[in-house]
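Data first, discussion second: the structure below is written as C-alpha cells.
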Amino acid sequence: MLTLPSAPDFRLDNQRALVTGGSKGIGFAAAIALARAGAQVWIAARNTAPLREAAELAAQEGLELHTVALDITDTAQVRQELSRLPDFDILVNSAGLARHQPFLEVSEENYDAVMALNLRATFFLSQQVARRMKANHIPGAIIHISSQMGHVGGPERSVYCASKFALEGLTKTMALELGEAGIRVNTLCPTFIATELSRASLADPAFSRYVLDNIKLKRLGTLEDVMGPVVFLASPAAALITGAALLVDGGWTAT
C-alpha cells in the first residue's frame, strides 16, 4: 500500500558544530550556513583578530559564533583545547593551504607545510572529535572540505592534489570504520571559489581562461555555492550518505 514519505529534515537545531578555518572564506561561509540552520557553532583559526571580526559580522545577523584560537597543526594544543570544549555533532574541516609550484621546483618546505595542514592536522583533529562522538554515542557528521583537485590533476598543483587525493582516501576509510557508530564522513569538493586563497592564481588571465574553459557552467564558484551542500551533508537529509564525495565543481570532473 502506498504511504506518504516524510520530508527530509535540513534543520540542525540542538546540534553543536566545529568549523576549522572558520574565520574566513569557505570555512566562514560554512559556519554561517550551519548557524542559520539552527546549529550552535564554534569557529577555530590561529589568529584571534579574524575570529573576532567573523563573530562580530555574524552577530549583525543575530547569529552567535563561538571562537577558538587554535593552531590545528599543533596536536598537543588540539587535544588540550578540545578537552575544554563540548562534544560536537558536526565537524567541518575547512582549514587548508595551497602553495603552487611546478612539480620539478617543489621545495620540501612547501611540501611539508601543505601536507601538515591539509592532511596531518585534519587527520588527528578528526580522530579526537570522532573518538568523543563514538564514546558518547553521538551519530555525528564529519565533513572534509576537499577539492575537485582531489579527483583530477592540475598544473602546478602536485602537492595540493596529493593532499586532497589522500583526504579522499582517508574519508572512505573513516566511513568504513566509523559507520557502525553512526558517524558519517564525507567530502565536499568545490571548484575554484572566488576567495582570498584563489585570488592570486585567478589574476593570471591565462589561468583564469583555463579555469573557465573547464567549468562547464562557465562561472567561478561563490561562497554561497558551498553553503547549501554543507548544510545538506551535516543534516538528517543526508542520513544514508557516508564515504562519498559531493562535487560542487560546475561540471569540471564530468569529462
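Working ranking of peptides 179-187, 207-215, 35-43, 191-199 by packing, defined as the average number of other Cβ atoms within 10 Å per residue, highest first, is 35-43, 179-187, 191-199, 207-215.
Note on the stretch 137-200: along the principal axes its Cα atoms extend 44, 21, 13 Å, ordered by decreasing extent. Can you return the lysines within cross-link range of LYS134? Criterion is Cα-Cα under 21 Å, with same-chain partners fewer than 8 residues away left out. Partners found: LYS172.
Can you pull the percent of Cα pairs in the chain with separation above 28 Å? I get 31 percent for the Cα pairs in the chain exceeding 28 Å. Backbone geometry of the stretch 41-51 corresponds, through the Karplus equation with coefficients 6.51, -1.76 and 1.60 at θ = phi - 60°, to 3J(HN,Hα) couplings of 10, 10, 10, 10, 6, 6, 9, 6, 4, x, 4 Hz, x marking Gly and Pro. Backbone geometry of the stretch 242-255 corresponds, through the Karplus equation with coefficients 6.51, -1.76 and 1.60 at θ = phi - 60°, to 3J(HN,Hα) couplings of 8, x, 10, 10, 9, 8, 10, 10, x, x, 3, 8, 5, 10 Hz, x marking Gly and Pro. Taking a label point 7 Å from the Cα of GLN101 along the Cα→Cβ vector, which residues of the stretch 107-131 have an amide N closer than 15 Å to it? Label zone hits: 107-116. What separates the Cα centres of the stretch 35-103 and the stretch 1-28 is a distance of 17 Å.
Taken over the C-alpha atoms, the stretch 85-234 has Rg and Dmax values of 16.5, 51 angstrom. Between helix 122-135 and the chain, what is the angle of the helix's C-alpha long axis to the longest principal axis, kept within 0 to 90° and rounded to the nearest 10? Approximately 10 degrees, to the nearest ten.
If R0 is taken as 30 Å, the Cβ-Cβ distance between TYR111 and GLU196 corresponds to a FRET efficiency of 0.85. Computed with the Debye formula from one identical point scatterer per Cα of the stretch 1-104, without solvent, the log10 of I(q)/I(0) at q = 0.13 Å⁻¹ comes to -0.52. Once the C-beta distance of ASP87 and ASP13 is scaled by a Förster radius of 22 Å, the resulting FRET efficiency is 0.85 to the nearest 0.05. Computed extension gain for GLU53 through ARG131, at 0.36 nm per residue and net of the alpha carbon distance, reaches 25.0 nm. The simple Förster model, with R0 at 25 Å and r as the Cβ-Cβ distance, assigns GLU180 and SER6 a FRET efficiency of 0.50. Scalar couplings 3J(HN,Hα) for the stretch 206-218, obtained by applying the Karplus form with A = 6.51, B = -1.76, C = 1.60 to θ = phi - 60°, are 5, 5, 4, 5, 4, 5, 5, 5, 8, 7, 5, 7, 6 Hz; x denotes Gly and Pro. Divided by 2.2 N^0.38 Å, where N counts the residues, the Cα radius of gyration of the stretch 150-255 comes to 1.17.
Read-outs: derived from the displayed coordinates by stated rules, not from any lab. Given the structure is predicted, the values throughout are model-derived calculations rather than measurements. Cβ sites come from the backbone with ideal geometry, for glycine too, and all protein chains shown count toward neighbours.
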